[in-house]
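The values are calculated or read from the model by the stated rules, or taken from the named source; none is laboratory data. Model, not experiment: these values are computed from the prediction. Cβ placement follows ideal geometry from the backbone for every residue including glycine, while neighbour counts extend to all protein chains displayed. The protein model used for the area step is the full one, side chains on, heavy atoms only, and it has no ligands, DNA or RNA in it. Shrake-Rupley method; radii C 1.70, N 1.55, O 1.52, S 1.80 Å.
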Amino acid sequence: MDTYAPSDVEFVAGRGATLWDAQGRAYLDAIAGVGVSLLGHAHPALVAAIADQAGRLLHVSNLCHSPWAQQLAERLTALSGLRRAFFCNSGAEANEAALKLARLHAQRRGVAQPLVLVMDGGFHGRTLATLSASASPAVRAGFGPHVEGFLRLPFGDLAAVAAAQAAHGDRIVALLVEPVQGEGGVHLAPPGYLRGLRTLCSQHGWLLMLDEVQTGLGRTGRWFAGQHEDVQPDVMTLAKGLAGGVPIGACLADGAAAELFTPGSHGSTFGGNPLACRAACTVLDVMAREDLVARAAQRGQALLAGLQAALAGDPRVRAVRGLGLMIGIELDRPARELALRALQRHRLLINVTHGTVIRLLPPLVLTVAEAQAIVSAVVDLVKGMDAG
Ligand SMILES: *Cc1c(COP(=O)(O)O)cnc(C)c1O
């Protein structure tokens, strides 16, 4: 169906941050399948693990215990400090699980008309509940009636959360937020915001639910973006890069929230599938072995500084911001055509989100030379637009 507007370029192979088209032309991948290919393309360890697992066992269902799901759960709970994990197949499905936990939390507290706080600029997926939690009119339009029970507040504004508490405190049960908004234009939470949310949620018994589908797993230079402020959520969702390109989602939970699902209350046929879980365990192995979280922090800082220096004072540029290898360049005009121009003229894959923001989400294995090539191509692209 007509859900996407893809460019004409077709890629047939990749390695690291390089992609090749059918004519053998090389391209630099600065978007990594929208934040998915953390290890780049065709990482030998991931290729070998997937091939080996495919030759043993692809799927058994959740009627049986799965050692790979068990191992992945143990590793993610150890990394995050959260006690339990539920596995599914996408970011939207992970957020659905989180939202269902919020409803069960409401029921346990005897709240009949529960509200989940969500944010302007937020994006949580395309299912009916997650699009209802998302802010963008483009995501929501045409799909009413929306799922009820969300109250949207300005992102980054603790006073707005306190005001919501004063007005609707008896109905609020949870708060769902991205630590860095991705689709919404790469907006960082202001310093102290996440910590302030943690305090408010703890005070009022609300579940703090961090959507780390895009920011998780090293992308921002920490394993999880909440860790920049030492914030431990009650619920955290992961997907995109978790299995390096094999579809997977995870909803992690701690405390009472970890015990809300009981056998039969939630599920997913493919969730915890051995292929996806082994791929994810391999991603975690490689990330530790190649120190990719630290690499994301270093490369990200260099990339951001390079772009900020080269674009300083440019009248077309409103802001250059980012955290780790999640970077946005906000322009003063609609910039959708830049993605195609980058492909055709610079053989560079980027993405334009929220209409005016160039978004960079390169693989964490990015080399210094590749980071420099991204800076010079992006600067050429921006300078190639008509000045102001
Ligand atoms: C991509 C994304 C989602 C949705 O993930 P899907 O796998 O496309 O369902 C949800 N939340 C955030 C923050 C995302 O970036």
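Some observations on this one:
- Test for Leu275: is it of a type outside the set (Asp, Glu) and either away from the ligand (no atom under 16 Å from the Cβ) or more than 16 Å from the chain's Cα centre (by Cα) (or both): yes
- Residues of the range 90-120 that are assigned to a helix (DSSP H, G or I), away from the ligand (no atom under 16 Å from the Cβ) and out of contact with any helix residue (DSSP H, G or I) (no Cβ under 8 Å at 6 or more places or on another chain): Arg103, Leu104, Ala106, Gln107, Arg109.
- Across the range 121-138, the number of residues qualifying as near the ligand (Cβ under 9 Å from one of its atoms) and either assigned to a loop (DSSP other than H, G, I, E, B) or open to solvent by 20 Å² or more (accessible area, probe 1.4 Å) (or both) comes to 7.
- The set of residues in the range 232-247 that are among the β-branched types (Val, Ile, Thr) and open to solvent by less than 10 Å² (accessible area, probe 1.4 Å) comprises Val235, Thr237.
- Across the range 179-213, the qualifying residues are those that are in a helix (DSSP H, G or I) and among the hydrophobic types (A, V, I, L, M, F, W, C), and the one among them that is farthest from the ligand (Cβ to nearest atom) is Leu200.
- Residue within the range 253-271 that is in a helix (DSSP H, G or I), away from the ligand (no atom under 16 Å from the Cβ), more than 20 Å from Gly35 (Cβ to Cβ) and open to solvent by 50 Å² or more (accessible area, probe 1.4 Å) present: yes
- Filter result (open to solvent by 40 Å² or more (accessible area, probe 1.4 Å) and modelled with pLDDT of 95 or more) within the range 346-369: His346, Arg347, Thr367, Val368, Ala369
- Options Gly169, Gly184; residue that is farther than 27 Å from Thr356 by Cα, open to solvent by less than 60 Å² (accessible area, probe 1.4 Å) and in the same structural domain as Pro233 (by TED's automatic domain parsing): Gly169
- Close contacts from the range 328-357, counting a first residue that is without any contact (Cβ under 8 Å) to a residue 40 or more places away in the chain and a second that is open to solvent by 40 Å² or more (accessible area, probe 1.4 Å), with Cβ to Cβ under 6 Å and a gap of 6+ residues or different chains, come to Val352/Arg336; Gly355/Pro334.
- Lone unmet requirement of (1) open to solvent by 50 Å² or more (accessible area, probe 1.4 Å); (2) touching a residue at least 24 places away in the same chain (Cβ under 8 Å); (3) among the polar types (S, T, N, Q) for Gln107: (2)
- Among the residues making up the range 42-51, those that are surrounded by 11 or more Cβ atoms within 10 Å (Cβ to Cβ) and on the phi < 0 side of the Ramachandran plot are His43, Ala45, Leu46, Val47, Ala48, Ala49, Ile50.
- Among (1) within 22 Å of His65 (Cβ to Cβ); (2) in contact with a Phe, Trp or Tyr (Cβ under 7 Å, 6 or more places away or on another chain), the one test that Val293 misses: (1)
- Identity of the residue in the range 60-78, modelled with pLDDT under 95 and under 12 Å from Pro274 (Cα atoms), that ends up surrounded by the most Cβ atoms within 10 Å (Cβ to Cβ): Ser66
- Evaluation of Leu76 against (1) more than 16 Å from the ligand (Cβ to nearest atom); (2) not in a helix (DSSP H, G or I) (one fails), failing number: (2)
- For Gly33: the one exception among (1) more than 21 Å from the chain's Cα centre (by Cα); (2) in contact (Cβ under 8 Å) with a residue 40 or more places away in the chain: (1)
- Residue list for the range 360-388, restricted to those being charged (D, E, K, R) and part of a helix (DSSP H, G or I): Glu370, Asp380, Lys383
- Given (1) within 24 Å of Arg219 (Cα to Cα); (2) in a loop (DSSP other than H, G, I, E, B), number of the condition Pro334 does not satisfy: (1)
- Restricting attention to the range 12-41, the residues that are surrounded by 15 or more Cβ atoms within 10 Å (Cβ to Cβ), more than 24 Å from Ile329 (Cα to Cα) and hydrophobic (A, V, I, L, M, F, W, C) total 1.
- Verdict on Leu158 being at pLDDT 95 or above, within 25 Å of Ala97 (Cβ to Cβ), aliphatic (A, V, I, L, M) and in contact with a helix residue (DSSP H, G or I) (Cβ under 6 Å, 6 or more places away or on another chain): no
- Qualifying residue in the range 277-300 (condition: more than 23 Å from Gly244 (Cβ to Cβ) and either assigned by TED's automatic domain parsing to the domain that holds Gly185 or open to solvent by 50 Å² or more (accessible area, probe 1.4 Å) (or both)): no
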